[in-house]
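Structure, as structure tokens:
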Amino acid sequence: MKDSKPQEGTVGQRTRNGQGVLMQGNEAVVEGALAAGCTFFAGYPITPATEISEDMSWKLPARGGTFIQMEDEIASLGVVIGASLAGAKAMTATSGPGFSLMQENLGFACVAEVPCVIVNVMRGGPSTGLPTSVSQADVMQARWGTHGDHPIIVLCASTTLDCYCLTVKAFNFSEKFRTPVILLMDEVVAHTREKVRLPPLEELEVVDRIRPNMPPEWYIPYEDNTRGVPLMGAFGDGYRYHVTGLVHDTHGFPTQRSDETQVFQNRIHRKIEQSFEEIHVVRKEHAEDAEMLVIAYGSVARSARRAVRDARAQGVRAGLLQLSSLWPFPRSMVEPYLRNVKAVLVPELNRGQISREVKRVNKGACRVETLRRIDGNLITPNEILVRLTKM
Amino acid sequence: MAQVTALIHEYLRHDKKFPHVWCPGCGNGILLGSLIRAIDRTGYEKDEIVLVSGIGCAGRLPAYVDFNTLHTTHGRALTFATGVKLANPRLQVIVIMGDGDATAIGGNHFIHAARRNLDLTAIIVNNSTYGMTGGQYSPTTPYGARATTALFGNVEHAFSIAELAVTAGASLVARGTVYHATQLDDLVERAIRKRGFGVVEVISHCPTQYGKKNGMGGPVEMLRWQKDAAVRVEKAAEMSEEDLRGKFTIGILADRDLPIYVREYRKVREAARARLEEKENKPKIRLASGS
């Protein structure tokens, strides 16, 4: 079956001419979702993600899609999962407190293998925290927030263009791997308005879940195949099957037999693990001959880019690895550099979450330093530059 | 009798491993029969039906029947059902929940689903306990009853699910029991046919947990209790408060025509389309090029 074509957003004319458009990060998420074929959004207001709900509330129904504001974030993700099972590309958006509420249903989507996109715009935490300030402190939660052994894909946007492109990618990954995908942003990325040149629709790849087309009696809803991703029938299409959060056999029925539960666990992990190359998104700048490497993500990556360029201008051999996918941690793309550089600096707006992963894969190959800021303010290019020169 | 059995067999999943998880004497089996008979009477195709359930013994019902079935997280069945219905309004979505699932952890979603008046059917199996986990007290456990988390008698008071549904704005509210099985068939059928949020509270029994802890006897005695305590709504209207103490009404408690969500949402679509057209036709502000 052919994948769908990218859908026209609201930005239309202005970007097709190749001109820049002034756009907010949150706004770009909505445009990206529309381009990817999102037809369903359920959400709940929360700073700094509310603009996504507000934009969706009219842009979706304007195109025949559906928006609903639910009574809480738990309900929002429940609605998204239900809509996806009925065949829609569905999404929700929230911030820390709401993301915490969504964890149970997130696990459900992992076990039932329901494609959906969850945007988490990180703000100061924990708890009510600093609602209007920036942080990057939900990185570990995005990986492990829901209980049990589960695989997950987590992307991270750094610019308004990222917000657009990575939202499309998030939908594509969710459809291709039948998994929830979390798009992490931070408050700065969400609320920054900047000029952006969106890629022409013809250049966008849009992926759809593979639906069954055999006689319904032959359909085994959670059957394994080379990709590890079962074909997904939509409710009402003629493939009646059982979906549950209980660990289940290939027919979808609950099981406690260890041969069946083992097979299930192995498959849902394998479907992601065997596609690491495709899922990892890492951008490099001046990294090949770097002595000092900065590994950064989100809005901090923008400061890091400036700092690395300034450092080079001063004769320091600095380089940047910008992580646009955080989980599964892009170990295979980071490791080669760790062996060749003298030191690594991981600046982040938390008490050291990605730096832990870097240290883990580093295994003492080089020196890893951290630059942590947790006061609700951005790390500036100068702060990184000063550290680089000291290193 | 054989005809009824044949009908049940037509709707059971034949690739599902039996025996089922319920205890001998459980009321859920009667409800399952009522549900099948009601759906059969409506004439909907199996592919058009989506059964969504919560967590608990009642939540295990959908796995056994040949429809599109969805067994969700505790208390959230109505939210998943909302998503299914909104994404494909042509589907008939029926939600099965227990009393704890629907009114404790799911209470908030219950109220809002009723308020929105989505075209869903909510069937709440009320056996006044959390049976699956061993018999803890729930929002519908009577004052003074015993439970594993109320060893000395429940000090909370129960509320009425049906009355809650009426106040929250459900279009149709009915209460039945698994003893009054024939009436239950009718009530479930009416709730499915009703356009808008239909609620059927099904008084049931859990002899294994609740019954045993409260000296209510076995399934037969508990069914007899349902028979004695139930009063038809029409009859209750003529009875005194004194006579109604310790009893509950069965039948249709409310049936009104309220605006349905999907129809209301069409207005949103029209207005949104108009707004989009307006935006696309507005003269654009040009940014300075070459920056």
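The values are calculated or read from the model by the stated rules, or taken from the named source; none is laboratory data. Remember, it's a predicted structure, so these values are computed and weren't measured experimentally. Quick reminder, even Gly has a Cβ in these numbers, built from the backbone with ideal geometry, and neighbours come from all protein chains shown.
Couple of notes before you dig in:
- Yes/no for A:PHE99 being in a strand (DSSP E or B) and either within 30 Å of B:GLU278 (Cα to Cα) or more than 14 Å from every other protein chain (Cβ to nearest Cβ) (or both): no
- If you go through the stretch A:326-373 and keep only what is of a type in the set (A, V, I, L, M, F, W, C) and under 24 Å from the mean Cα position of the chain (by Cα), you end up with A:LEU326, A:TRP327, A:PHE329, A:MET333, A:VAL334, A:LEU345, A:VAL346, A:LEU349, A:ILE354, A:VAL358, A:VAL361, A:LEU371.
- Where A:ASN266 falls short, out of the listed (1) touching a helix residue (DSSP H, G or I) at 6+ places or on another chain (Cβ under 9 Å); (2) at pLDDT 95 or above; (3) closer than 23 Å to A:PHE173 by Cα: (1)
- Restricted to the stretch A:158-181, and to residues there that are among the aliphatic types (A, V, I, L, M) and touching a Ser or Thr at 6+ places or on another chain (Cβ under 7 Å), the residue that is farthest from A:LEU323 (Cα to Cα) is A:VAL181.
- Options A:MET140, A:MET122; residue that is modelled with pLDDT of 95 or more, assigned to a helix (DSSP H, G or I) and not hydroxyl-bearing (Ser, Thr, Tyr): A:MET140
- Count of the stretch A:39-77 residues, restricted to those that are more than 10 Å from chain B (Cβ to nearest Cβ) and either hydrophobic (A, V, I, L, M, F, W, C) or touching a Pro at 6+ places or on another chain (Cβ under 7 Å) (or both), is 7.
- Subset tally (residues that are assigned to a helix (DSSP H, G or I), of a type outside the set (A, V, I, L, M, F, W, C) and over 21 Å from B:GLY75 (Cβ atoms)) for the stretch A:39-94: 8
- Failed condition for A:PRO212, given (1) assigned to a loop (DSSP other than H, G, I, E, B); (2) within 14 Å of another protein chain (Cβ to nearest Cβ); (3) out of contact with any Leu (no Cβ under 6 Å at 6 or more places or on another chain): (3)
- The listed residues are B:VAL262, B:VAL166, B:VAL199, and the only one of them that is under 15 Å from B:ASN126 (Cα atoms), touching a residue at least 12 places away in the same chain (Cβ under 8 Å) and among the aliphatic types (A, V, I, L, M) turns out to be B:VAL199.
- Check on A:ALA109, modelled with pLDDT of 95 or more, within 11 Å of chain B (Cβ to nearest Cβ) and under 21 Å from B:ARG266 (Cβ atoms): no
- From the list B:GLU242, B:GLU221, B:GLU280, the lone residue that is within 14 Å of another protein chain (Cβ to nearest Cβ), without any contact (Cβ under 8 Å) to a residue 60 or more places away in the chain and more than 24 Å from the chain's Cα centre (by Cα) is B:GLU280.
- Hits in the stretch B:14-51 (condition: among the basic types (Lys, Arg) and at pLDDT 95 or above): B:ARG37, B:ARG41, B:LYS46
- Flag for B:VAL200 being in a strand (DSSP E or B), at negative phi and not polar (S, T, N, Q): yes
- Matching residues in the stretch A:359-391 - criterion: being farther than 19 Å from A:SER299 by Cα, assigned to a helix (DSSP H, G or I) and among the hydrophobic types (A, V, I, L, M, F, W, C): A:VAL361
- Residue in the stretch A:48-59 that is among the hydrophobic types (A, V, I, L, M, F, W, C) and either surrounded by fewer than 24 Cβ atoms within 10 Å (Cβ to Cβ) or modelled with pLDDT under 95 (or both) present: yes
- Inclusion of A:MET122 among residues that are within 14 Å of another protein chain (Cβ to nearest Cβ), of a type in the set (A, V, I, L, M) and either in contact (Cβ under 8 Å) with a residue 40 or more places away in the chain or crowded, with 21+ Cβ neighbours inside 10 Å (or both) is not warranted.
- Residue in the stretch A:242-249 that is farther than 25 Å from B:HIS74 by Cα, in a loop (DSSP other than H, G, I, E, B) and more than 9 Å from chain B (Cβ to nearest Cβ) present: no
- Boolean, A:ILE268 is touching a Phe, Trp or Tyr at 6+ places or on another chain (Cβ under 8 Å), surrounded by 16 or more Cβ atoms within 10 Å (Cβ to Cβ) and not acidic (Asp, Glu): no
- Evaluated against (1) in contact (Cβ under 8 Å) with a residue 24 or more places away in the chain; (2) part of a loop (DSSP other than H, G, I, E, B), A:GLY315 falls short on exactly one condition, (1).
- Here the stretch A:24-38 is the region considered, the condition is being within 14 Å of another protein chain (Cβ to nearest Cβ) and part of a helix (DSSP H, G or I), and the residue that is farthest from A:GLY129 (Cα to Cα) is A:LEU34.
- Residue match in the stretch B:140-154 (condition: in contact with an Asp or Glu (Cβ under 6 Å, 6 or more places away or on another chain) and under 22 Å from B:PRO24 (Cα atoms)): no
- Count of the stretch A:177-203 residues, restricted to those that are out of contact with any helix residue (DSSP H, G or I) (no Cβ under 6 Å at 6 or more places or on another chain), assigned to a loop (DSSP other than H, G, I, E, B) and farther than 30 Å from A:ASN350 by Cα, is 4.
- Only one of the numbered conditions (1) surrounded by fewer than 24 Cβ atoms within 10 Å (Cβ to Cβ); (2) closer than 26 Å to B:TYR265 by Cβ; (3) away from chain A (no Cβ under 13 Å) is violated by B:LEU91, and that is (3).
- If you go through the stretch A:229-262 and keep only what is farther than 23 Å from B:ASP66 by Cα and either hydroxyl-bearing (Ser, Thr, Tyr) or surrounded by fewer than 17 Cβ atoms within 10 Å (Cβ to Cβ) (or both), you end up with A:ARG257, A:SER258, A:ASP259, A:THR261, A:GLN262.
- Filter result for A:GLU278 (of a type in the set (D, E, K, R) and either in the same structural domain as A:ILE153 (by TED's automatic domain parsing) or surrounded by fewer than 19 Cβ atoms within 10 Å (Cβ to Cβ) (or both)): yes
- Filtered residues of the stretch B:264-275 (kept if within 29 Å of the chain's Cα centre (by Cα), surrounded by 13 or more Cβ atoms within 10 Å (Cβ to Cβ) and of a type outside the set (A, V, I, L, M)): B:TYR265
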